[in-house]
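A.B. asks: The structure follows.
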Amino acid sequence: MPLSEALGSRLAAPLRALVAVPGVDVSAMDGYAVTGEGPWRMVGRVLAGGSLYEAELRPGEAVEIATGAPVPAGTEAVLPWERVTVAPHSRGDAVPRMQAATPAWGEDVWIEGVAEAGRHIRRRGEDIAEGAVVLGAGAAVTPVLLGLAAGLGHDELLVRPKPRVAVLVTGDEVVQEGLPAPGRVRDAIGPFLPGLVEWAGGQVTSTLRLPDGPLPLHDALAPSAPAPSDVLVVCGASSKGPADHLRKVLGDLGADVLVDGVAVRPGHPQLLARLPAGRLLVGLPGNPFAALAAALTLLAPMLRELAGTPARHETSALAGPVRAHPRDTRLVPVRRSSRGAVPVGHDRPGSLWGAALADALAVVPPGWSGDQVELIELPAGV
Ligand SMILES: Nc1nc2c(c(=O)[nH]1)N[C@H]1C(S)=C(S)[C@@H](COP(=O)(O)OP(=O)(O)OC[C@H]3O[C@@H](n4cnc5c(N)ncnc54)[C@H](O)[C@@H]3O)O[C@H]1N2
Ligand code: MOO
């Protein structure tokens, strides 16, 4: 994949240096490459990107040089320009007269200073040797990694493909824009899924609205359905009401239901199935906070696994009262603080308010009355 498109992926193979860094011995300072004892007579100039000084530097010679420019063969040291004195050589002077001067060079220009062997020369491969493995497979392709890879000569990176997610939003009452009329609701799940999916290492490749009823759902899930994807996400229709056809349609299609509801509030009707062609399907409940909880506990870990992203584990003390459920695990929106995780309230299944105030969900087991809880991170903003 071209570098410019690889951000956010994971490396599928170790990253190697295609070139040494630096590629040749170069100057680390603007100054003078010298060899032998001073004073040195200036015999040339090398700028970064300019033509090389082809001859070998002989004792008593200096070449004016720019930072990053290749040093001539035979260079023993580089003197920064602020550490030298430069003088025109007057014919007949036994010793050149030295004076502080603006660096310049010509046939009869001499420089003087104290040369320390090897100083201010960056040797070929000193930072990174050619062929070195600098990062292992699985490393996250961050902005910094892109810079490193470019510096090592890469135009493309071998990355694990991001799992492609197709979203199906069901519900005749669900509208996509404007103020919802009585009996209608704005789609609050479709808008959070692309960011959440991307954060978990995948990409939403299509979002389709479906009317209620088994047929549209059946057609959208059938093997002949367009929009290739690795994972399908169905929003709504996950419960057992008259308009909730997901389980029935999955049965008709011969899907293998792997998770058929979980003992978690909110989000208990969530579902995971494998369609006959191998695609995975996640069913998210229609209540938006329930959908978010299910997306974080079922969809995000699955995408991380497919994308090769390591799982995250975090625990914290709870810094505020929560009501444990007698039978089910509760997911409670909390904000991390120095005192622990503070419940933020506003956590009804139909509302994303609490989750928007929070930065994590606390996992509160049934009947819990302890101290430490597991935290599930919420996707951060940019
Ligand atoms: N008899 C039972 N009824 C319900 C149960 C149950 O166990 N037995 N579980 C409840 C729970 S918990 C949830 S969560 C919901 C799950 O509902 P569905 O997944 O079947 O979804 P819908 O019935 O279509 O919608 C539920 C609710 O959410 C609103 N909705 C739907 N889609 C969206 C969307 N994209 N954006 C915003 N809001 C959406 C919809 O209008 C309904 O208000 O079932 C309970 N019922
Ligand atoms: O999944 Mo439901 O929202 O538990 O209320």
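The values are calculated or read from the model by the stated rules, or taken from the named source; none is laboratory data. Fair warning: this is a prediction, and the values are worked out from it, not measured in the lab. Neighbour counts run over all protein chains shown; Cβ positions are idealised from the backbone, glycine included.
A.B. asks: Just the residues that are in a strand (DSSP E or B) and modelled with pLDDT of 95 or more, please, taken from the range 129-158.
C.D. replies: Residues satisfying the conditions are Val133, Val134, Leu135, Glu156.
A.B. asks: Shifting gears a bit: Out of the residues in the range 240-249 meeting the condition of being at pLDDT 85 or above and either closer than 10 Å to Pro269 by Cβ or within 35 Å of the chain's Cα centre (by Cα) (or both), tell me which one is farthest from ligand 1 (Cβ to nearest atom).
C.D. replies: That would be Arg247.
A.B. asks: Considering only the range 126-173, state which residues are assigned by TED's automatic domain parsing to the domain that holds Val197, of a type in the set (S, T, N, Q) and more than 16 Å from ligand 2 (Cβ to nearest atom).
C.D. replies: Answer for the range 126-173, where residues must be assigned by TED's automatic domain parsing to the domain that holds Val197, of a type in the set (S, T, N, Q) and more than 16 Å from ligand 2 (Cβ to nearest atom): there is none.
A.B. asks: Just one of the numbered conditions (1) at pLDDT below 95; (2) crowded, with 19+ Cβ neighbours inside 10 Å; (3) not assigned by TED's automatic domain parsing to the domain that holds His154 is not true of Thr75; which one?
C.D. replies: The failed condition is (1).
A.B. asks: Surrounded by fewer than 19 Cβ atoms within 10 Å (Cβ to Cβ), away from ligand 2 (no atom under 16 Å from the Cβ) and of a type in the set (A, V, I, L, M), is that true of Leu193?
C.D. replies: So Leu193 fails the test.
A.B. asks: Looking for something under 23 Å from the mean Cα position of the chain (by Cα) and either modelled with pLDDT of 95 or more or in a loop (DSSP other than H, G, I, E, B) (or both) - is there at least one such residue anywhere in the range 319-329?
C.D. replies: no
A.B. asks: Filter the range 354-373 for residues that are in a strand (DSSP E or B) and buried (at least 17 other Cβ atoms within 10 Å of the Cβ) and give the result.
C.D. replies: Ala360, Leu361, Ala362, Val363, Val364, Val373
A.B. asks: Any residue that is over 25 Å from the mean Cα position of the chain (by Cα), small (Gly, Ala, Ser) and under 20 Å from Ala295 (Cβ atoms) - is there at least one of those in the range 364-372?
C.D. replies: Checked against the condition, which is being over 25 Å from the mean Cα position of the chain (by Cα), small (Gly, Ala, Ser) and under 20 Å from Ala295 (Cβ atoms), the range 364-372 yields no hits at all.
A.B. asks: Taking Leu15 as the residue in question, decide whether it is crowded, with 19+ Cβ neighbours inside 10 Å and at pLDDT 90 or above.
C.D. replies: yes
A.B. asks: Could you check the range 303-318 and list, in sequence order, the residues that are within 26 Å of the chain's Cα centre (by Cα), surrounded by 11 or more Cβ atoms within 10 Å (Cβ to Cβ) and touching a residue at least 12 places away in the same chain (Cβ under 8 Å)?
C.D. replies: Leu303, Arg304, Leu306, Ala307, Gly308, Thr309, Arg312, Glu314, Thr315, Ser316
Residue-by-condition table, conditions (1) free of Cβ contacts under 8 Å to residues at least 40 places away in the same chain; (2) under 14 Å from Ala166 (Cα atoms); (3) within 15 Å of ligand 1 (Cβ to nearest atom):
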position	(1), (2), (3)
Ser206	no, yes, no
Leu217	no, yes, yes
Asp230	no, yes, no
Gly236	no, no, yes
Gly254	yes, no, no
Val259	yes, no, yes
Val264	no, no, yes
Gly278	yes, no, no
Phe289	no, no, yes
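A.B. asks: For the range 344-379, name all the residues that are among the hydroxyl-bearing types (Ser, Thr, Tyr) and within 16 Å of ligand 2 (Cβ to nearest atom).
C.D. replies: Ser351
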